[in-house]
Amino acid sequence: MTPETIGFLDSGIGGLPYLAHLRTRLGGGRFVYAADRANFPYGEKTREQVLSATLSVAERFIARENPRLIVVACNTMSVIALAALRERFSLPFVGVVPAVKPAAALSRRRRVGVLATRQTVEGEYMRELIERHANGCAVVSLSSGRLVEFVERELSVASNEVRTERVRAEVERFRSERIDALVLGCTHFLHLEKEFRVLLEAEAIALVDSRDGVSRQVMRLLPQDAGARNGAPDLMYLTGPEPLEERYLWFAAQFGLQPAGTL
Ligand code: DGL
């Protein structure tokens, strides 16, 4: 049996921790990742730009790889374009949105923080998510385009000290808010999970993300047997012109993906 192809889509390298999470849980399958490098960062674009970039990269990805399903491993894409993707294409899409519900369930102080992109924080979807799932908790949502940029462009060469300092600067912004749960509502931030965990633990703040729920949903949608990999390599595509920056090769190697060229 040929392995099922599971697609992952993000504006850059943010979705990789979601791929890694699913890969440790799913017996088989073949993983193919696409980063819309040409349109990065999505979080600072208009809704219309995010919508049209998402539909366009999805179309090329589907034409090239014909995946069984696609994980939209980007909160910004998901909150803006998930409905349009489902309307346009017939395969299943699994979205990634800020894990407000589990965070609200954990919070004793009934105060939850969300760190995401500007488009995610300011959008209508987020307002509804809070209304439906925050269970009466106060939600403090902040955006950080600079942390997204750091992860995408500098993480591959950053020292541990610099990583920690960048995260500390973001955690500080929540200090006066008395939150006891913080949602990482942008997939890029998961690359700094360790640094967040250490700093938040010291403040007794729980760290929450959506990987468990997303992997469970993908596994529900796939056939029980996703097909043995049989040595088929997992791939990483990028959009935009060559030459590809060195850092993308670094990320591909870190996550066991073979660079597959441009989409
Ligand atoms: N990784 C994306 C997210 O989860 C956004 C990064 C960007 O601004 O492109 O929202």
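The values are calculated or read from the model by the stated rules, or taken from the named source; none is laboratory data. Note that the structure is predicted; figures quoted are calculated from it, not measured. As a convention, Cβ positions derive from the backbone with ideal geometry for all residues, glycine included, and neighbour counts pool all protein chains shown. These area figures cover heavy atoms from the full protein model, side chains too; ligands, DNA and RNA do not enter into them. Shrake-Rupley method; radii C 1.70, N 1.55, O 1.52, S 1.80 Å.
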### Message
Given a Förster distance of 25 Å, report the FRET efficiency between residue 262 and residue 49 from their Cβ-Cβ distance, rounded to the nearest 0.05.
### Response
0.80
### Query
Tell me, how many Å apart are the Cα centres for the stretch 147-220 and for the stretch 1-74?
21 Å
### Query
Which cross-chain or sequence-distant (5 or more) residues have an amide H under 5 Å from the amide H of residue 33, H modelled 1.01 Å from N in plane?
8, 235, 236, 237
## Note on the structure
Using alpha carbon positions and the Kirkwood radius, the Rg to Rh ratio of the stretch 171-263 is 1.08
### Only Lys, Arg (+1) and Asp, Glu (-1) charged, at Cβ; the chain dipole about Cα centre in debye
680 debye
### Cleavage-rule hits (GluC sites (Glu not before Pro)) in the stretch 179-253: DSSP loop, at most 15 neighbouring Cβ within 10 angstrom
203, 245
### Message
Per-residue counts of other Cβ atoms within 10 Å, averaged by peptide: what ranking do you get for 217-223, 38-44, highest first?
### Response
38-44, 217-223
### Summary
Placing each pseudo-label 7 Å from Cα in the direction of the beta carbon, residue 172 and residue 194 end up separated by a distance in nanometres of 2.3 nm
## Note on the structure
Length-normalised contact order of the stretch 1-122, Cα under 8 Å, at least 6 apart, in percent, tallies to 29 percent
### Message
Please compute the per residue accessible area over the stretch 108-236 with all protein chains in place, 1.4 Å probe, rounded to a whole number of Å².
### Response
50 Å²
### Query
Counting pairs of alpha carbon atoms under 8 Å apart in space and at least six apart in sequence, what relative contact order in percent does the chain give?
27 percent
### Task
Set Lys and Arg Cβ to +1 and Asp and Glu Cβ to -1, take the dipole of the stretch 206-263 about its Cα centre, and tell me which of 248, 223, 238 lies farthest positive.
223
### Task
Let me have the 222 nm mean residue ellipticity of the chain computed from DSSP H runs of 4+ only, each contributing -39500 (n - 2.57), with the sum over all residues rounded to the nearest 500.
-12500 deg cm²/dmol
### Query
Relative contact order for the stretch 104-237 using alpha-carbon pairs under 8 Å, separation at least 6, rounded to a whole percent?
29 percent
### Query
Dipole of the stretch 101-193, Cα-centred, from +1 at each Lys and Arg C-beta and -1 at each Asp and Glu C-beta, to the nearest 20 debye?
420 debye
#### Entry: Apportionment of accessible area to carbon and sulfur, the chain, percent (1.4 Å)
48 percent
### Query
For the charge dipole of the stretch 1-116, defined by +1 on Lys and Arg C-beta atoms and -1 on Asp and Glu C-beta atoms about the Cα centroid, which residue among 83, 114, 58 has the Cα displaced farthest towards the positive pole?
114
### Task
Pop the C-beta distance of residue 203 and residue 83 into the FRET formula with R0 = 51 Å and round what comes out to the nearest 0.05.
0.90
### Query
According to the square roots a ≥ b ≥ c of the eigenvalues of the Cα gyration tensor, what is the shape class of the stretch 26-119, taking rounded for a/c under 1.5, prolate for a/b larger than b/c otherwise, and oblate for the remainder?
oblate
### Task
For residue 232 paired with residue 91, estimate the spin-label separation in nm (one decimal), with each label point 7 Å from Cα along the Cα-to-Cβ line.
1.1 nm
### Segment residue 132-residue 38, extension gain: residue separation times 0.36 nm, minus the distance between their alpha carbons
30.4 nm
### Message
Can you give the FRET efficiency to the nearest 0.05 for residue 160 and residue 109, using r as the Cβ-Cβ distance and R₀ = 30 Å?
### Response
0.45
### Query
Residues of the stretch 93-134 with amide nitrogen under 17 Å from the 7 Å Cα-to-Cβ point of residue 149?
116-119
### Message
Taking a ≥ b ≥ c as the square roots of the Cα gyration tensor eigenvalues, with a/c under 1.5 meaning rounded and otherwise prolate when a/b beats b/c, else oblate, which class fits the stretch 90-188?
### Response
oblate
### Task
Calculate the dipole size of the stretch 1-103 relative to its Cα centre from +1 charges on Lys and Arg beta carbons and -1 charges on Asp and Glu beta carbons; express the result in debye to the nearest 20.
220 debye
## Note on the structure
In nanometres, the difference between 0.36 nm per residue of separation and the alpha-carbon distance of residue 212 and residue 24 is 66.5 nm
## Note on the structure
Taking Cα atoms, the helix 47-65 axis meets the longest principal axis of the chain at an angle in degrees (rounded to 10) of 30 degrees
